[in-house]
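Data block below; observations after.
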Amino acid sequence: MTADDENSRRQSLLAVARDRETYADLWNLAEGLLTHDELFSMWRYRHILMVERQIGSKSGTGGSSGASYLRTTLDKRFFPELWELRSFL
């Protein structure tokens, strides 16, 4: 992805965010995607707590390092550009 592509997408997202009446369907979709992202992050956190409660610091069932690996996933987002958009509004 080039910087021009990234800037073009950001400008498009900003246009939607700044004119929510005209782009209501797109804005509502973006908000729904962020809600999905947020809820999935909450699930990840609860999953880590469950893993720690059940197996402690043992290796994970899929061969991972368990809870320590899962903690590295907490900051992952499905739609990072939608989250970053808030910084430009």
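The values are calculated or read from the model by the stated rules, or taken from the named source; none is laboratory data. Predicted, not measured: the structure shown is a model, and the values here were computed from it. Methodologically, a virtual Cβ is constructed for each residue, glycine included, from the backbone with ideal geometry; neighbour enumeration extends over all protein chains shown. When the accessible area is computed, the model is the full protein with side chains, heavy atoms only, and any ligands, DNA or RNA have been set aside. Shrake-Rupley method; radii C 1.70, N 1.55, O 1.52, S 1.80 Å.
Nearest 20 debye, what's the magnitude of the dipole of the chain about its Cα centre given +1 on Lys and Arg Cβ and -1 on Asp and Glu Cβ?
Details: 12 positive and 13 negative charges, 125 e Å.
Here the chain has a charge dipole of around 600 debye.
Using θ = phi - 60° in the Karplus curve 6.51 cos²θ - 1.76 cosθ + 1.60, the 3J(HN,Hα) couplings for the stretch 81-89 round to 5, 6, 5, 5, 3, 4, 6, 9, 7 Hz; x is entered for Gly and Pro.
When 1/r is averaged over all different Cα pairs and the result inverted, which Kirkwood radius in Å belongs to the stretch 1-40?
Mean inverse Cα-Cα distance, inverted, gives 11.0 Å.
Pairwise Cα distances in the chain exceed 17 Å for 60 percent of all pairs.
Counted over all Cα-Cα pairs of the stretch 16-63, pairs farther apart than 14 Å make up 66 percent. The angle between the Cα long axis of helix 24-55 and the main principal axis of the chain comes to about 10°, on a 0 to 90 degree scale. The mean accessible area for residues of the chain, using a 1.4 Å probe and ignoring ligands and nucleic acids, is 74 Å² per residue.
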